[in-house]
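Report on one structure; see the data block that follows.
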Ligand SMILES: [Mn+2]
């Protein structure tokens, strides 16, 4: 069976319910999860259903939280694969639209649609939003405009435009909802803002970049597109050299950007949804996907705030030394929601954090939350963070999982040492 057929069965289940039924939608707390939930909710609304969305982090008691609810149908989007066993406790029918690794068999009340079950590479070629898009399109062919949000999910999960993602992109382009443009990443910015505010790539030591810009004979307040070819070349060569010194040798100054006819630059939309997720304002993210004008203004402010926080933490981490194990390095942060981002950026751009090993961020709250990031190269060499984190966490009474390149876990407070040692064995 193909994915398109599988979602059709799920849609039949939905359409067997009378119009105006209340459908429960649970999405995952990142750009892919929010766009997945929004795709489903928009499709439900257009089809005449009511819905109630919650955006949830993966945590042990997730199913417990919704156990008491009276629902006719629950749709999990970009989340759910880790809870298959627990789902038999839910009284309602359930549809799961996901791409994460799963380890259990779904119980009878669950219609389980995971890209991985249909021979699709769920790490690279289909995300939660891609699967949700095919579900939306099976409800109504006219939902092809939601291809924009599907691409937001794919970009958010750092996937490739290949396989099913490519299929979605081509449909969006063919119907006039998506286009690509080749642009320099600093397009539209002054040199000063570009260098001081950039996170991808992140430049160390640029709290004030005036000195650097002037040292190569350019003016900080000049806009990037005002540079002539020679000046642009001079700037980008100097920055390439700087990043090489920071240990980063994969730099793309010019990128193929994906634009949506409604949402504009979809990479920027990803950054906005991530900001809303991390700042616990997921409702604004959903509303922005729905096109609410007020939400679109507010989410821009969230984005600025979020980027400021990351930059501030990164400036502090430039001076930090991580702790080192045989197979990974780790650091502590009190910014729980930034753990994954900081681990990823430090792995790529901070010389202190480049030991050819994955980076873990640990943060204490009721439990210990752990985010882990690896590089493409480490994954090619056989590292699988998702599996190792899941196993190590479950051995100490916690919960974990994710992708080979990016994973998370939550463990009890007194199990830190045991967990770190186990992970060191498993990686
Ligand atoms: Mn996802």
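Read-outs throughout are calculated quantities, based only on the coordinates presented, and are distinct from any laboratory measurement. Everything quoted here is computed from the prediction, not taken from an experiment. Every residue, glycine as well, gets a Cβ built from its backbone with ideal geometry; the counts of neighbours run over all protein chains shown.
Quick notes on this one:
- Gyration tensor verdict on region 138-248 (Cα atoms; rounded if a/c is under 1.5, prolate if a/b is larger than b/c, oblate otherwise): prolate
- Virtual spin-label span in nm between residue 418 and residue 226, 7 Å along Cα→Cβ: 6.2
- With a Förster radius of 30 Å applied to the beta-carbon distance between residue 215 and residue 315, the computed FRET efficiency rounds to 0.90.
- Most fluctuating residue given options 121, 334, 228, as computed from a GNM of the chain linking Cα atoms under 10 Å: 228
- Extension reserve of the residue 21-residue 426 stretch, reckoned as 0.36 nm per residue once the Cα distance is removed: 141.1 nm
- Separation of region 268-346 from region 350-427 is 19 Å, based on Cα centroids.
- Length-normalised contact order of region 62-127 in % [C-alpha pairs under 8 Å, at least 6 apart]: 29
- Restricting the calculation to Cα atoms, the chain shows an Rg/Rh of 0.97 when the hydrodynamic-style radius is the Kirkwood one.
- Model label zone, residue 297; criterion: amide N under 17 Å from point 7 Å along Cα-to-beta-carbon; scope region 256-284: 284
- Global geometry of region 186-245, whether rounded, prolate or oblate, following the gyration tensor of its Cα atoms and the 1.5 cut on a/c: rounded
- Relative to the longest principal axis of the Cα atoms of the chain, the long axis of helix 385-395 lies at roughly 60 degrees.
- Rounded to the nearest 10 degrees, the inclination of helix 266-278 to the longest alpha-carbon principal axis of the chain is 70 degrees.
- Only Cα pairs under 8 Å and 6+ residues apart enter the sum, and on that basis the relative contact order of region 323-426 stands at 23 percent.
- Candidates 15, 146, 73: whichever shows maximal mean-square fluctuation once the chain is modelled as a Gaussian network with Cα springs under 10 Å: 15
- Within the chain, DSSP assigns beta bridges of which about 55% are antiparallel (rounded to the nearest 5).
- Remark on region 255-365: hydrodynamic radius 15.4 angstrom, per the Kirkwood mean of 1/r across alpha carbon pairs.
- Cβ-Cβ FRET estimate between residue 121 and residue 4, R0 fixed at 22 Å, reported to 0.05: 0.85
- Kirkwood-Stokes translational diffusion coefficient of region 323-426, alpha-carbon pairs, 25 °C, 0.890 mPa s, µm²/s: 187
- Cα-based Rg and Dmax for region 3-180, where Dmax is the largest Cα-Cα distance (Å): 14.9, 46
- Helix 339-349 axis versus longest C-alpha principal axis of the chain: approximately 40°, rounded to the nearest ten.
- Percent RCO, i.e. relative contact order, over the chain, from Cα pairs under 8 Å lying at least 6 residues apart: 12
- Taking label positions 7 Å along the Cα-Cβ direction at both residue 170 and residue 108, the computed distance is 4.1 nm, reported to one decimal.
- A Förster radius of 25 Å, combined with the Cβ-Cβ distance separating residue 160 from residue 327, puts the computed FRET efficiency at roughly 0.40.
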